[in-house]
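Asker: Quick one: structure below, then a few questions.
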Amino acid sequence: MGLTRTRVRVEGIVQGVGFRPFVHALAGRLGLAGLVGNDAGGVFVEVEGAAETVERFLAALAAEAPPLAVIERVTATSLEPTGAAGFAIAPSLAGGDRQTLVSPDTATCADCLRELADPADRRFRYPFINCTNCGPRFTIVRDVPYDRPATTMAAFEMCADCAREYGDPADRRFHAQPVCCPACGPSLALLDAGGVAAGGDPLAGAAARLRDGAVVAVKGLGGYHLAADAASEPAVAALRARKHREDKPFAVMVADLASARRLCELGPAEEAMLTSPRRPIVLLRRRGPAGPGAADGVAASVAPGNRSLGVMLPYTPLHHLLLEAVGRPIVLTSGNVSDEPIAYQDPEALERLGGIADWFLVHDRPIHMRADDSVVRAFGGRELPLRRSRGFAPQPLGLPWPFPRHVLACGAELKHTFCLAKGGHAFLSHHIGDLENYETYRSFTEGVEHFRRLFDVDPEVVAHDLHPEYLSTKYALELDGVELEGVQHHHAHVAACLADNGEAGPVVGVAFDGLGFGPDGTIWGGELLVADLEGFRRAGHLEQVPMPGGAAAIKEPWRMAAAWLDAAFGAGMPERLAVAGRHRDRWEQVVALGRSGTAAPVTSSAGRLFDAVAAILGVRDAVNYEGQAAVELEQLADPAEPAAYPVRVAPAGDGLLRLGGADLVRAVVAELSTGVPPPLIAARFHNGLAAATVAACQAVGQETGLGTVALSGGVFQNMLLLERTVAGLEANGIRVLTHSRVPPNDAGISLGQAAVAGARDRAREGR
Ligand SMILES: [Zn+2]
Ligand SMILES: [Zn+2]
């Protein structure tokens, strides 16, 4: 039988995931000669042997690839056989066209956990154990090709044992770049708030102090966390007070699935998300009643008044050891004050967290890129991301349409991300934070530079929001030599949902959120669009009201109650409304401010309607974080209640559909005055808005012939509204697109912007 030699190129996430040892082992098993190596384009292979065996090799290459590999393309070309024997690993080649995809950080694998617990293993209880299938990646990579000198492990010279494993193609640590052991790798230290090392075993010391009620900063994979005993009310309360975080729920880390099950209800989708190698925080429904006296042993102030709890499982060996030593769940929250970016560099962390943490459990492996924990929940058996960061970034999102030119999409403001795109890939960044201060802004601009280098993207087209005051917009406008592409905020939401689903539209797009800049100079946020990737027209929106005091109305939902009650009743506003009574000294003044048209921008925001109803029902008059009142209104609603308030949906004088928000407000007030329990009112409000949205989509669908609706925007993080809207649309034969790869909130905006910019670029090129 004739000898053939084939050159194979493998593209995708194929570096840092054990691909070369896999190829080496496969070739060895089949008795093929040749070589394998990394270059900036991925992995290259040459195999020589019987034609039939080479065929088997090619089939197994895709079918048996390592668990973390994502193969996007395999191309094979034939070469002249050389007759050389043996199979070799070729040195990495730098330069060239950097198509390589850097893998996200990955949770400790079962093999490493077994060694971690094995007293006979040389890495017994070593907090930095990892292998080709697990460990740090994105957060330690400084450059590509992905090799040890291009990571933050460069400074740790391998000992003879580690070097042997690293160099042995039969070893499961063959070419695992972060490979290390107690003899040669990073080590832990426990420091007091002044940076002075404590005596004894750092891990045992940290665990003991946590059990005693201390707040301990823990250096993790993508940054510092703040930890406290989740069962201790004083410890969690102290953490809240020092972090200046009033009510926003904390996430907890539990040792294993069994512990998670004791706290929360888990279905198969939830279990799969909790145990996935990405290890996100999963929002779960609590078993016990939330609040003081909750039976689950979690302190009330972990997630005050919340029926959900954010839970994650350990994802580094350090976390596994810490949870075992503490013996019960711990709060694990971002190491920052208030809304600043998470701390990830050592001297900076000590300084910034010095007033919060009593102790610091640190190590000497530098973090190059910070990455916050990701947050997901289940919807319809699928994953619905709320924050896509550690474990996800920088894995590219494959899109069915190529970008003719490289694109940078600068994102919006809150929950900021940016996105680079080229070829058929969108590289959505990790979570940057709320782009409102210098620290976050710097983290955005540095992130852009890092991604550009890693993925060799040189943007010619730069997409941005239309809001002139967003720092992301200002950044875009200051760039030289690029083509700018302004993308309306809610069009970007709908485009993000389209791109998330790999579709191009046109669809009826529903974008409900807090606010976004409208091209007519008003603030949008309750929008019905007819949209494809390239463009949109506004087909309808929620009835508009003023925001008395502008930004003050976002922080104080009672102001939105005043505006909505005025819109609903005018001079005939019922007397003795509790919300008016609570603010009687300023009520008339705020109503007048809304009517005056000064310092009272007009908005169609759905988020602000939720705020208003929350205030009317006495849920909350002022918020400590964006969306808080709406979250609590959802918590209040009785999910078993099927009734819905009727809402008028009809074209206004301008021909655009109006969803009558005032109808909802009038119904809420009427039922409140007759003593209907608030949980029923909250539910009927949700159901009414969902029904109105369905009716509006039907109307636009009839007019345009479009049978698909895309739901996006931060308001659709509300599970009750999302469920009811999807159910109503589907019951009427309408196809519904929701999010499963990027968040519906503003973190998904940058993907939408990139998709729009790419579509317009293709249109210009006539493709
Ligand atoms: Zn491993
Ligand atoms: Zn070693």
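Asker: Quick check: at a probe of 1.4 Å, how many percent of the accessible area of segment 410-529 sits on carbon and sulfur atoms?
Answerer: Numbers: 1730 of 3530 Å².
Heavy-atom surface of segment 410-529 belonging to carbon and sulfur, 1.4 Å probe: 49 percent.
Asker: May I pose another question? Compute the length gained on full extension between Asn732 and Ala643: take 0.36 nm times their separation in residues and subtract their Cα-Cα distance, giving the result in nm to one decimal. Don't skip to the answer; put the middle values down first.
Answerer: On the way: separation 89, 0.36 × 89 = 32.04 nm, distance 1.79 nm.
Roughly 30.3 nm would be gained on extension.
Asker: Does segment 428-559 come out rounded, prolate or oblate by the C-alpha gyration tensor, with a ≥ b ≥ c the root eigenvalues, rounded set by a/c under 1.5 and, if not, prolate when a/b is larger than b/c and oblate if not?
Answerer: Since a/c reaches 1.5 but b/c is at least a/b, the shape of segment 428-559 is classed as oblate.
Asker: Can you give the % of DSSP beta bridges in the chain that are antiparallel, to the nearest 5?
Answerer: Once the DSSP bridges in the chain are tallied, antiparallel ones form about 75 percent.
Asker: Here is a follow-up. Read phi for every residue in segment 601-608 and hand back ³J(HN,Hα) as whole Hz from Karplus 6.51 cos²θ - 1.76 cosθ + 1.60, θ = phi - 60°, with x for Gly and Pro.
Answerer: x, 7, 9, 10, 5, 6, x, 6
Asker: Let me ask something else. Amide H neighbours of Gly540 under 5 Å, at least 5 residues apart or on other chains, H built in the peptide plane: list them.
Answerer: Amide H neighbours of Gly540: Leu528, Leu657.
Asker: Along the Cα-to-C-beta direction of Arg576, a point sits 7 Å from the Cα; which residues of segment 638-676 have their amide N less than 13 Å from that point?
Answerer: 673-675
Asker: What does the charge count near Pro366 come to, summing +1 for each Lys or Arg and -1 for each Asp or Glu among other residues with Cβ under 13 Å from its Cβ? Walk me through the numbers on the way to the answer.
Answerer: Working: positive: Arg142, Lys219, Arg365, Arg370; negative: Asp346, Glu348, Asp364.
Overall, the nearby charge balance is +1.
Asker: Sticking with this one: If r is the Cβ-Cβ distance from Glu246 to Glu64 and R0 is 51 Å, what FRET efficiency results, to the nearest 0.05?
Answerer: The value I calculate is 0.50.
Asker: Just to compare against my own numbers: the Cα pair-distance distribution for the chain, 20 Å bins, whole % per bin, please.
Answerer: Spelled out per bin, shortest first, that is 16, 46, 31, 7, 0.
Asker: Next question. What whole-number value in Å² describes the accessible area per residue of segment 521-651 for a 1.4 Å probe?
Answerer: So segment 521-651 comes to 40 Å² accessible per residue, rounded to a whole number.
Asker: Taking 0.36 nm per residue of separation and subtracting the Cα-Cα distance, what length does fully extending Ala258 through Asp654 add?
Answerer: Net length gain for the segment: 136.8 nm.
Asker: Read phi for every residue in segment 114-129 and hand back ³J(HN,Hα) as whole Hz from Karplus 6.51 cos²θ - 1.76 cosθ + 1.60, θ = phi - 60°, with x for Gly and Pro.
Answerer: With coefficients 6.51, -1.76 and 1.60, one gets 5, 5, 4, 9, 9, x, 7, 7, 6, 9, 3, 6, 8, x, 10, 4 Hz.
Asker: Relative to the compact globular guide of 2.2 N^0.38 Å, what is the alpha carbon radius of gyration of segment 162-205, as a ratio?
Answerer: 1.68
Asker: Here's a follow-up. Ratio of alpha-carbon Rg to the 2.2 N^0.38 Å globular estimate for segment 47-199, to two decimals, please.
Answerer: Computed over Cα atoms of segment 47-199, the ratio equals 1.28.
Asker: Further question on the same structure: For Ala198 and Ser338, what is the calculated FRET efficiency with R₀ set at 35 Å and r taken between the beta-carbons, to the nearest 0.05?
Answerer: On the way: r = 28 Å, r/R0 = 0.80.
Once rounded, the FRET efficiency stands at 0.80.
Asker: May I pose another question? Would you work out the relative contact order for the chain, in percent, from Cα pairs under 8 angstrom that are 6 or more residues apart? Before the final figure, lay out each step's value.
Answerer: Values: 1812 pairs, mean separation 85.0, N = 767.
Result for the chain is 11 percent.
Asker: Where in segment 25-39 is the amide nitrogen less than 11 Å from a point lying 7 Å along the Cα-to-Cβ axis of Thr82?
Answerer: 34-36
Asker: Report the FRET efficiency, 1/(1 + (r/R0)^6), for Gln589 and Glu265, where r is their Cβ-Cβ distance and R0 is 41 Å, rounded to 0.05.
Answerer: Step by step, r from the Cβ atoms, then E = 0.30.
Asker: So, one more: For Glu483, what residues show an amide H to amide H distance below 5 Å, using hydrogens built from the backbone and excluding near sequence neighbours?
Answerer: Val461, Val462
Asker: Still on this model: Just add up the charged neighbours of Glu265: K/R +1, D/E -1, any other residue whose Cβ is under 9 Å from the Cβ of Glu265.
Answerer: Summing Lys/Arg as +1 and Asp/Glu as -1 gives +3.
Asker: Continuing with this model, one more query. How far apart, in nm, are two points set 7 Å out from the Cα along the Cα-to-Cβ line at Arg452 and at Ala551?
Answerer: Between Arg452 and Ala551, the simple spin-label model gives 2.9 nm.
Asker: Then there is this: Two decimals, Cα atoms only, Kirkwood Rh: what is Rg/Rh over segment 608-767?
Answerer: Here Rg/Rh amounts to 1.02.
Asker: In whole percent, how big is the carbon plus sulfur part of the accessible area of segment 44-95, probe 1.4 Å, protein atoms only? Mind dumping the intermediate values first?
Answerer: Details: 1620 of 2880 Å².
Looking at segment 44-95 in its full context, I get 56 percent from C and S.
Asker: Grab the DSSP H runs of the chain that are 4 residues or longer, score each as -39,500 (n - 2.57), total them, divide by all residues and round the 222 nm result to the nearest 500 deg cm²/dmol.
Answerer: After summing the helix terms and dividing by residue count, I get -10000 deg cm²/dmol.
Asker: Want the number for Tyr438 to Asp364: 0.36 nm per residue separation, take away the alpha-carbon distance, what's left?
Answerer: 23.9 nm
Asker: Return the carbon/sulfur percentage of the accessible area of segment 634-757, one whole number, probe 1.4 Å, all protein chains in place.
Answerer: Accessible surface attributable to carbon and sulfur in segment 634-757 totals 56 percent.
Asker: Can I ask one more? Which net charge results for the neighbourhood of Ala207, defined as the other residues with beta-carbon distances under 14 angstrom from its beta-carbon, given Lys and Arg at +1 and Asp and Glu at -1?
Answerer: Spelling it out: positives minus negatives among the neighbours equals -1.
Asker: A follow-up question, please. Going by a 4.7 Å Cβ-Cβ cut-off, which cysteines of the chain have no partner at all?
Answerer: Cys112, Cys131, Cys162, Cys180, Cys181, Cys264, Cys410, Cys419, Cys497, Cys697
Asker: Now for a different question. Within segment 554-646, which trypsin sites (Lys or Arg not before Pro) sit in a loop by DSSP and count at most 11 neighbouring Cβ atoms inside 10 Å?
Answerer: Sparse-neighbourhood loop trypsin sites (Lys or Arg not before Pro): Arg576, Arg584.
The values are calculated or read from the model by the stated rules, or taken from the named source; none is laboratory data. This is a predicted model, so every value here is computed, not measured. Here Cβ is always computed from backbone atoms with ideal geometry, including for glycine, and neighbour counts include all displayed protein chains. Quick note on the areas: whole protein, heavy atoms, side chains included, nothing else; ligands and nucleic acids left out. Shrake-Rupley method; radii C 1.70, N 1.55, O 1.52, S 1.80 Å.
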